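Presented below is the structure to which this report refers.
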Amino acid sequence: MQGLMMNAPLNISALIRHADRFHGDTEIVTRLVEGGIHRYTYSDAHRRSRQLANALASLGVKSTDRIGTLAWNTHRHFEIYFAMSGIGAVCHTINPRLFPEQITYIVNHADDSYVFFDLTFLPLVEKLAPHCRGVKGWVAMTDKAHMPESSLDLLCYEQLVNGHSDHMEWPEIDEGAASSLCYTSGTTGNPKGVLYSHRSTLLHAFGACLPDALGLSARDVVLPVVPMFHVNAWGLPYSAPLVGAKLVFPGAQLDGASLMELFESEKVTLSAGVPTIWLGLLNHVKSQGVRFGTLKRTVIGGSACPPAMIRTFEDDYGVQVLHAWGMTEMSPLGTVNTFKSRHLDWPEAERQALQNKQGRVIFGVDMKIVDDEGLELPRDGQAYGDLMVRGPWICREYFKGEGGDPLRDGWFPTGDVATLDQDGFMQITDRSKDVIKSGGEWISSIDLENTAVAHPDVHEAAVIGVAHPKWDERPLLIVVREPGATVTREALLAFFEGRVAKWWIPDDVVFVDALPHTATGKLLKTKLREDFGRHKLPGT
Ligand code: AMP
């Protein structure tokens, strides 16, 4: 017997329609790439998304066509999200920080028919265009007055939008249909496409808003620093209209001073980004002696958030850190670190240790850890193994079947090594390929990096395994000092004593000016292994 409830497909267009109807005067504020601030409302955004949808139809864009974006977080990118998915086309966000060859590969692999880009990326687009034969047009996301000189025959975004009426009804789309596409920034091999659906996107947006996840509400002012080209800014452009939160888009300026200015002028309550971004912001805040007026929560994920950063935000500035974990293949949210009521009475040190974990699993994601044979390990917070996930917003296959069937018995292997406890708190000990195997035991590079950055003279740190004749591998610490700091190798190694097991203490330290990062801000360990993998450890 079937239930007798309406069969309303979960469509992305429902989000912007809802925001327009019931939060129509809520603002969306953008720092424009061309300079200046742009300010309008959800109703305006909905109207312009419909104009853009009509413009796309006039360009011959049909449902299932892929359209690329090379763009910052702006109101125009927001309109593109809803216009493209709204007519059944696929919004393919491209990470402009990838190498041009990778971008060319991605554009061609996705068969993008048009690419929308911010002015910043014109030189990149001019380089790509001759190699992207399938692209019928390149659309500069600006107005007529700012249209650049170019060897390419560019289309102008504002002319496209303004040249069309807003008269249209969003079509009803099969909720399983593809809505957006994002390629993983793997450190080896070609990037692989993760193809989200309307259904997965809406369910993820619901999940993200839950009080024990990001706890988004109509009273929030959300500034996503995490780019809209990195797993759809962790779904915030969908979650914000779902609850009617005000949105603030920082455009191309992600330095501490520019962000702080927006935080204060727009009264931002919630932000989200990778640890590297917050490093820049905290440096600015500290050096200027300023404080956050309205910021209450900040979501930190994408790579392990150093405990020292959590403490600075919470103890020095009264901003709650929501340490979160996820991946492109998971839309991305899997865990968010929020306490249960009994944790509130725990002693401070224990609560802090709990908060350093990647968080508690949210409904919609099921999670387990397994050993090398695939057998489930106990959820005791001690045993660690390969982290497996499943659920309605988790990838079951990559675009065009690339890489074959990724699942194992219906579970997606995350490539992370983790512990899990009865409450669903998960802690990543490492990427499986970054774990340091010393004398048959595992050493967590993340733990060592977190310890190193707790030293006041350390700006950033990475730990890799280096070949050792007796122990197989031993940890090598690679450090960027704070400007002007002179901390020595000996002092740093002494700092580890009492903080980690004795046999975990790195064998050596190398000081460098900067560490390499991937296009999404993660430490590029493959490059570090290339550069320092043959480092001669003392005594070998
Ligand atoms: P991406 O798909 O590029 O977002 O990368 C996903 C990977 O980033 C995960 O599998 C983790 O290895 C890593 N990651 C994401 N969030 C965290 C976190 N909070 N702590 C540690 N690693 C993280």
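Values in this text are rule-based calculations from the coordinates and carry no lab data. Computed from a prediction, not measured in an experiment: that's the story for all the values here. All Cβ positions, even for glycine, are placed from backbone atoms using ideal geometry, and neighbour counts span all protein chains on display.
Descriptive notes on the structure:
- Between the beta carbons of residue 351 and residue 380, assuming R0 = 22 Å, the FRET efficiency works out to 0.70 to the nearest 0.05.
- Likely footprinting exposure, 477, 515, fewest C-beta neighbours within 10 Å first: 515, 477
- For region 221-286, the percent of C-alpha pairs falling in each 10 Å distance bin, counted from 0 to the bin holding the largest distance, reads 21, 57, 21, 1.
- Per the Debye formula on identical point scatterers at the alpha carbon atoms of region 434-532, with no solvent, log10 I(q)/I(0) at q = 0.16, 0.24 Å⁻¹ is -0.64, -1.38.
- Principal axis extents of the C-alpha atoms in region 267-425 (largest first, rounded to whole Å): 53, 40, 23.
- Charge-dipole axis of region 14-108 as Lys and Arg at +1 and Asp and Glu at -1 on Cβ define it, positive-most pick from 70, 54, 33: 54
- Highest average packing first - 329-338, 419-428, Cβ atoms within 10 Å: 329-338, 419-428
- Of 127/433; 144/267; 357/433; 246/400; 62/522, those spanning more than 27 Å from alpha-carbon to alpha-carbon: 127/433; 144/267; 246/400; 62/522
- Applying D = kT/(6 pi eta Rh) to region 270-321, where Rh is the Kirkwood radius over alpha-carbon pairs, T corresponds to 25 °C and eta to 0.890 mPa s, the Stokes-Einstein value obtained is 223 µm²/s.
- Computed over region 239-356, the percent of Cα pairs more than 19 Å apart is 50.
- Listing 197, 445, 341, 113 from fewest to most neighbouring C-beta atoms within 10 Å gives 341, 113, 197, 445.
- DSSP assigns beta bridges within the chain; of those with both partners inside it, close to 55 percent run antiparallel.
- Helix 42-58 and the longest principal axis of the C-alpha atoms of the chain enclose an angle of approximately 70°.
- The Stokes-Einstein estimate for region 390-494, based on a Kirkwood radius over Cα pairs and taken at 20 °C with 1.002 mPa s viscosity, is a diffusion coefficient of 129 µm²/s.
- Relative contact order, whole percent, for region 347-439 stands at 30, derived from Cα pairs under 8 Å and 6 or more residues apart.
- Taking all Cα-Cα distances within the chain, those exceeding 40 Å account for 24%.
- For region 93-107, 3J(HN,Hα) per residue [Karplus equation, 6.51 cos²θ - 1.76 cosθ + 1.60, θ = phi - 60°, Hz, x = Gly/Pro]: 7, 10, 7, x, 7, 6, 5, x, 5, 5, 5, 4, 4, 5, 4
- If the Kirkwood radius is taken over C-alpha pairs of region 70-141, then at 20 °C and 1.002 mPa s the Stokes-Einstein diffusion coefficient equals 173 µm²/s.
- Each residue of region 250-255 is assigned a 3J(HN,Hα), and the resulting list reads x, x, 8, 9, 10, 6 Hz, derived from the Karplus form 6.51 cos²θ - 1.76 cosθ + 1.60 (θ = phi - 60°), x at Gly and Pro.
- Likely footprinting exposure, 346, 278, fewest C-beta neighbours within 10 Å first: 346, 278
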